[in-house]
Amino acid sequence: MKLEHHIAISTIFSGILYTIFKSWGITIASFCSGIFIDIDHIFDYLNEHHLRFNLNNFFSFFYKENHRSITLVFHAWEWLFCIGLATVLTDYNLYVTGIFIGYGQHIVLDYIYSKTTFSTYSLIWRWHKKFDSQVLFPRNRGYNP
């Protein structure tokens with residue numbers, strides 16, 4: 001999904017959470033985690049472009065799927081499970097719960113939008129496939145940037 005979509009959806013989720021809990025903690029945690037999970041795209045871009053950053057090339061790199069390898073270290077079901085476990089173990093602390101909700105909505109919507117397999121969002125599976133972008137994200141899935 002595009003950044004502006006994540007911002008809009010995170011705003012909606014966060015607004016709903018504020019309406020329910022009247023807590024800025026859960027609201028801000030959900031909003032930030034719903035957006036900043038995408039920082040891992042910067043790591044992949046810099047790795048493939050040898051630490052040279054160009055904003056226009058950056059968005060084209062992902063939206064047009066020009067990458068050869070892709071790690072996406074934060075886009076993983078394993079992290080969602082860990083955050084979910086932390087949510088339960090902290091007795092549903094509002095900050096941790098907010099992170100869980102924001103992270104969860106981001107990764108689920110990315111998975112649906114990317115039209116790929118469930119295992120593509122497993123960090124362990126991507127590692128097993130050597131982070132080969134051609135294997136992880138087959139082209140021509142009907143994805144329109």
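The values are calculated or read from the model by the stated rules, or taken from the named source; none is laboratory data. Just so we're clear, the structure is a prediction, and the values are computed from it rather than from any experiment. A quick note on method: Cβ atoms are made from the backbone with ideal geometry, for glycine too, and the neighbour counts reach across all protein chains shown. Calculation scope for accessible area: heavy atoms of the full protein, side chains included, ligands and nucleic acids excluded. Shrake-Rupley method; radii C 1.70, N 1.55, O 1.52, S 1.80 Å.
To keep it simple, each residue is scored yes or no on (1) open to solvent by less than 40 Å² (accessible area, probe 1.4 Å); (2) under 17 Å from the mean Cα position of the chain (by Cα); (3) closer than 21 Å to I7 by Cα; (4) of a type in the set (K, R).
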site	(1), (2), (3), (4)
I35	yes, yes, yes, no
F53	no, no, no, no
F59	no, yes, yes, no
H75	yes, yes, yes, no
T87	yes, no, no, no
L94	no, no, yes, no
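In the set (1) touching a residue at least 60 places away in the same chain (Cβ under 8 Å); (2) closer than 12 Å to G102 by Cβ; (3) of a type outside the set (F, W, Y), H67 fails one condition alone, (2). Residues that are assigned to a helix (DSSP H, G or I) and in contact with an Asp or Glu (Cβ under 9 Å, 6 or more places away or on another chain) were ranked within the range 29-67; the one that is modelled with the highest pLDDT is F61. Of the residues examined, L17 is not one that is open to solvent by 20 Å² or more (accessible area, probe 1.4 Å) and either at pLDDT 95 or above or over 17 Å from the mean Cα position of the chain (by Cα) (or both). Out of curiosity, is F74 in a loop (DSSP other than H, G, I, E, B) and at pLDDT 95 or above? Taking the combined requirement at face value, the residue satisfies it. Across the range 96-145, which residue is least open to solvent (accessible area, probe 1.4 Å) among those that are at pLDDT 90 or above and touching a strand residue (DSSP E or B) at 6+ places or on another chain (Cβ under 8 Å)? Step by step, filter the range 96-145, then rank; the result is F131.
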